Amino acid sequence: MSKTLPGSCTVEDALPLAIPDRGSKPRNWGLLLTSVIGGSLVALYAVTTPFIAPALRKHCLPFVPATSKQMEYVLKMLKGRHGSLVDVGSGDGRIVIAAAKVGFRAVGYELNPWLVWYSRYQAMREGVHQNAKFYISDLWKVNFSQYKNVVIFGVPQMMLPLGEKLGEELQQDARVIACRFPFPHWSPTHTFGEGMDTVWAYDSESFGRKKGNGSVEISGVLPD
Ligand SMILES: C[S@@+](CC[C@H](N)C(=O)[O-])C[C@H]1O[C@@H](n2cnc3c(N)ncnc32)[C@H](O)[C@@H]1O
């Protein structure tokens with residue numbers, strides 16, 4: 001039976017239904033800890049997944065930045081060249097930024113958004129953001145016909161299909177530069193370095209599709 005207090009209020013009305021006991025404090029800490037761990041795991045997942053995802057694709061191409069020797073040889077292979085340049089899978093943007101610094105209109109296509117944001121930041125810091133552009137794109141979906149200079153640091157299993165794609169798309173005056181792994185079906189015009197730092201350059205006589213009469217057939221429209 002509930003007692004009636006002055007003003008016809010019951011004991012249950014006047015008193016809180018549950019009085020917090022000592023046990024509730026650890027439960028709050030537990031909740032906080034769960035949130036912190038959960039949040040950290042989500043953040044870790046968001047940061048690491050773009051780095052792992054390229055390795056799980058049909059053509060596994062992980063992020064391995066070009067060495068300083070590779071960079072040096074790539075720039076050597078670009079001596080006397082000008083105009084547009086693309087780095088296919090541009091990583092942290094080092095090749096695109098280096099090319100922009102020596103006057104190329106350089107572009108990088110990269111699957112990993114973190115690397116693209118980092119590259120844009122670096123290009124800004126280095127003062128070449130006007131000539132160094134980065135896009136979050138799958139290299140297999142990009143048409144490379146507008147580029148006169150193509151740089152690729154790939155993996156062996158992708159070089160044959162990539163070579164076929166480039167052979168279909170590139171213009172007659174384009175140059176392709178491969179770092180560490182060569183195109184198995186092309187003969188290079190120049191080679192620099194040795195071992196892991198080797199860099200190969202290919203001109204249209206390597207990657208153009210040979211017609212019956214021995215001349216080189218290049219597909220695509222030649223822009224100005
Ligand atoms: C070996 S790293 C080369 C990075 C850079 N070109 C360099 O030489 O420092 C290859 C890059 O390609 C990216 N990648 C992998 N698969 C890709 C795809 N399908 N489309 C675009 N980029 C891709 C990876 O995330 C990685 O950053």
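Every read-out reported here was derived from the displayed coordinates using simple, explicitly stated rules and does not represent laboratory data. This one's a predicted model, so the numbers in the text were calculated from it and none came from an experiment. Reconstructed Cβ throughout: ideal geometry from the backbone, glycine too, with neighbour counts over all protein chains shown.
Among residues of region 124-149 that are within 25 Å of Gln172 (Cβ to Cβ), those with a beta-carbon under 6 Å from a residue that is among the basic types (Lys, Arg) at least six positions away or on a different chain give the pairs Asn131/Arg105; Asn149/Arg81; Asn149/Arg175. Somewhere in region 142-152, is a residue more than 19 Å from Ala106 (Cα to Cα) and buried (at least 17 other Cβ atoms within 10 Å of the Cβ)? Looking through region 142-152, none of the residues is more than 19 Å from Ala106 (Cα to Cα) and buried (at least 17 other Cβ atoms within 10 Å of the Cβ). Within region 94-116, residues that are over 26 Å from Cys60 (Cβ atoms) reach partners that are among the hydroxyl-bearing types (Ser, Thr, Tyr) and not in a helix (DSSP H, G or I) with beta carbons closer than 9 Å, at six or more positions or on different chains, in the pairs Phe104/Ser84; Arg105/Ser84.
Can you tell me which of His190, His185 is away from the ligand (no atom under 16 Å from the Cβ) and farther than 25 Å from Ala100 by Cα?
On the way: His190 fails: farther than 25 Å from Ala100 by Cα.
The match here is His185.
For region 160-203, the set of residues classified as in contact (Cβ under 8 Å) with a residue 12 or more places away in the chain, surrounded by fewer than 18 Cβ atoms within 10 Å (Cβ to Cβ), over 23 Å from the mean Cα position of the chain (by Cα) and not in a loop (DSSP other than H, G, I, E, B) consists of Glu168, His190, listed by residue number. Can you name every residue in region 86-106 that is within 12 Å of the ligand (Cβ to nearest atom) and not in a loop (DSSP other than H, G, I, E, B)? Within region 86-106, Val86, Asp87, Val88, Arg94, Ile95, Val96, Ile97, Ala98, Ala99, Ala106 meet the criteria.
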